[in-house]
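Student: Quick one: this structure, given as structure tokens, is what I'll be asking you about.
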Amino acid sequence: MKLLLALLLLVVPGTAFWSLLRGLDPVGRLVVSIAAAIVLIAGTAQTMLILGTWSLHGGLIALGALSALLALSGRVHRRRQPPPAALPPRPVPAGANVTRQDLRLPHKEEAEDDDWLFKE
């Protein structure tokens, strides 16, 4: 039962943080969400101990409420962003077919003018 409770304590805040981290790759999201869940659990426990209000049920309720707020903020933030299909296409610059030969590169003499700075 204790293992199930510990797993539940990690999964609930972890999934709330997972929903906030949409820009990361899956492995990065997993690592950051687990670390953030541990920090949230420890911070909630320390705050409740300092305030003298620690109890098992109170801790579960506090973590559930904080996780719900995090998940809700993730959903609200996702609604504010326009969907990727609604973004206008990027304008194509006039010289889109620029090759390396079209660029003006410095001559060998121009590039070596500052070599005296790096000599000992």
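Student: Any residue in segment 42-56 that's free of Cβ contacts under 8 Å to residues at least 12 places away in the same chain: show its pairings with residues that are exposed (fewer than 10 other Cβ atoms within 10 Å of the Cβ) and basic (Lys, Arg) at Cβ separation under 9 Å, as long as the two are six or more apart or on different chains.
Tutor: The qualifying pairs do not exist here.
Student: Among helices (runs of 4 or more DSSP H) lying entirely in segment 1-112, which contain 2 or more residues that are open to solvent by 90 Å² or more (accessible area, probe 1.4 Å) and either polar (S, T, N, Q) or at pLDDT below 90 (or both)?
Tutor: Working: elements: 2-20, 26-51, 56-80, 108-111.
Filter on segment 1-112 gives 2-20, 56-80, 108-111.
The values are calculated or read from the model by the stated rules, or taken from the named source; none is laboratory data. For clarity, every value in this text was computed on a predicted model and none was experimentally measured. Counting neighbours? That spans all protein chains shown, and the Cβs are built from the backbone with ideal geometry, glycine included. Calculation scope for accessible area: heavy atoms of the full protein, side chains included, ligands and nucleic acids excluded. Shrake-Rupley method; radii C 1.70, N 1.55, O 1.52, S 1.80 Å.
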